[in-house]
Amino acid sequence: MILQYPQMSEMKSSSSNLPLSPRILIVGNAGQLGRELERIFAGVGPIIAVDRESVDLADADQTRALVQRAAPDLILNAAAYTAVDRAESEPELAHAINAQAPQVLAEEALQRNALFVHYSTDYVFDGAKSEPWVETDAPNPLNVYGASKLAGEQAVQKIGGKFLIFRTSWVYGPHGNNFLLTMLRLGRERDRLSIVDDQVGAPTTSIELARATHAIVIGILAGRFVAQPAWSGLYHMTCAGSVSWFGFAQAIFARAAELLGAKAPHLTSISTSDYPTPAARPRNSVLSNARLAAGFGVQLPSWRFALEEVMHSIRNESSK
Ligand SMILES: NC(=O)c1ccc[n+]([C@@H]2O[C@H](COP(=O)([O-])OP(=O)(O)OC[C@H]3O[C@@H](n4cnc5c(N)ncnc54)[C@H](OP(=O)(O)O)[C@@H]3O)[C@@H](O)[C@H]2O)c1
């Protein structure tokens with residue numbers, strides 16, 4: 001008798017019906033999160049990673065063709081229109097990238113029975129609540145970016161299938177466009193900085209987001225969680241704790257002085273009304289991560305701990 005063993009890539013996880021070694025499509029691999037996802041998912045399965053040069057997500061036909069060509073079992077969508085203030089004057093483009101593209105990706109994932117992982121934002125909320133926001137709280141975005149991301153979430157949920165939407169906040173890391181790197185640059189250029197102190201949130205690193213996503217997806221592939229579709233859904237995913245932008249800037253400069261020998265500018269705390277921006281922002285952006293912990297046993301570390309890792313990473317890269 002000849003026993004035939006399936007190839008690893010053909011073996012299915014009992015609970016998710018996904019291959020144990022899935023073909024992975026990472027969309028937006030040049031962004032903060034996409035870069036970390038590409039790094040951490042290496043070895044999980046063959047990866048096709050695309051940036052804006054390979055696909056314009058504002059074009060639905062290109063987006064659909066990309067998935068059909070890549071034939072993935074797992075789609076990680078790290079791409080987004082993230083220019084919050086610019087979105088106020090480019091609402092159609094923001095909607096195309098943040099709502100229409102996830103819809104197309106989710107439709108194609110459903111067609112292929114693939115798992116679709118998508119990210120959204122704390123800016124779907126208006127900030128008026130004093131407690132951390134939970135997934136069942138009613139969204140009420142204050143700006144075009146938040147509205148476009150909410151439309152994306154809703155489209156993905158409507159399509160259904162195997163999907164995970166992770167709402168996160170204040171994303172930063174050692175690369176890309178973010179508050180930490182802007183602070184370090186401004187700190188080199190100026191002696192004094194005024195920073196908003198009445199918007200509170202949870203700074204979350206691209207590294208921790210990628211780690212948590214990886215742990216959850218691996219758990220699903222390994223059949224560690226209850227059968228699909230019970231795990232499909234919307235989850236908040238941020239680092240623990242909370243701080244204002246001013247407090248975050250203080251922490252950044254304190255660590256930058258110690259680890260990078262950077263001079264710390266004098267910081268003045270100001271209110272939102274002292275720093276008008278095209279897009280309004282929520283006062284309280286803090287998200288409760290209880291559903292993520294209950295569903296997957298995953299908890300991201302405190303924002304202070306995560307900051308430490310990013311600062312060390314910047315120091316290591318600058319000393320190369
Ligand atoms: N950044 C935050 O503070 C924050 C907060 C809450 C939630 N989130 C969410 O977290 C996720 C990851 O954010 P991130 O900070 O990693 O974003 P990011 O660094 O801005 O990266 C987004 C990527 O999407 C790409 N992209 C934009 N428009 C595109 C298009 N038309 N076609 C193809 N690619 C396009 C960008 O390419 P280019 O670089 O060429 O533009 C960029 O590489 C997003 O869903 C975002 O909405 C972010």
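Could you please let me know if Leu74 is touching a residue at least 60 places away in the same chain (Cβ under 8 Å), within 15 Å of the ligand (Cβ to nearest atom) and under 24 Å from Phe225 (Cα atoms)? No. Identification of strands (runs of 3 or more DSSP E) wholly contained in segment 159-262 with 1 or more residues that are farther than 24 Å from Leu76 by Cα and touching a residue at least 12 places away in the same chain (Cβ under 8 Å) yields 192-196. Restricting attention to segment 279-296, the residues that are in contact with an Asp or Glu (Cβ under 7 Å, 6 or more places away or on another chain) and of a type in the set (Gly, Ala, Ser) add up to 2. For segment 173-198, filtering for residues that are closer than 24 Å to Trp133 by Cα and either modelled with pLDDT under 95 or in contact with a Ser or Thr (Cβ under 6 Å, 6 or more places away or on another chain) (or both) leaves 4. On the given criteria, is Glu36 surrounded by fewer than 20 Cβ atoms within 10 Å (Cβ to Cβ) and at pLDDT 95 or above? In short, no. Taking first residues from segment 29-45 that are small (Gly, Ala, Ser) and partners that are away from the ligand (no atom under 14 Å from the Cβ), the Cβ contacts under 8 Å between residues at least 6 apart in sequence or on separate chains come to Gly45/Ser9; Gly45/Pro19; Gly45/Ser21; Gly45/Pro22; Gly45/Arg23; Gly45/Ile24; Gly45/Asp73; Gly45/Leu74. For segment 116-130, give me the residue count where each residue is touching a residue at least 60 places away in the same chain (Cβ under 8 Å) and either more than 10 Å from the ligand (Cβ to nearest atom) or at positive phi (or both). Here the count works out to 7.
Condition check for Pro102 on (1) within 13 Å of the ligand (Cβ to nearest atom); (2) in a loop (DSSP other than H, G, I, E, B); (3) under 17 Å from Leu37 (Cβ atoms): one failure, at (2).
Kindly provide the set of residues from segment 139-187 that are aliphatic (A, V, I, L, M), closer than 30 Å to His266 by Cα, within 12 Å of the ligand (Cβ to nearest atom) and surrounded by 20 or more Cβ atoms within 10 Å (Cβ to Cβ), ordered by number. If the condition is that a residue be aliphatic (A, V, I, L, M), closer than 30 Å to His266 by Cα, within 12 Å of the ligand (Cβ to nearest atom) and surrounded by 20 or more Cβ atoms within 10 Å (Cβ to Cβ), then Val171, Leu180 are the ones that fit.
The values are calculated or read from the model by the stated rules, or taken from the named source; none is laboratory data. What you see is a predicted model; the values in this text were computed from it and never measured. Counting neighbours? That spans all protein chains shown, and the Cβs are built from the backbone with ideal geometry, glycine included.
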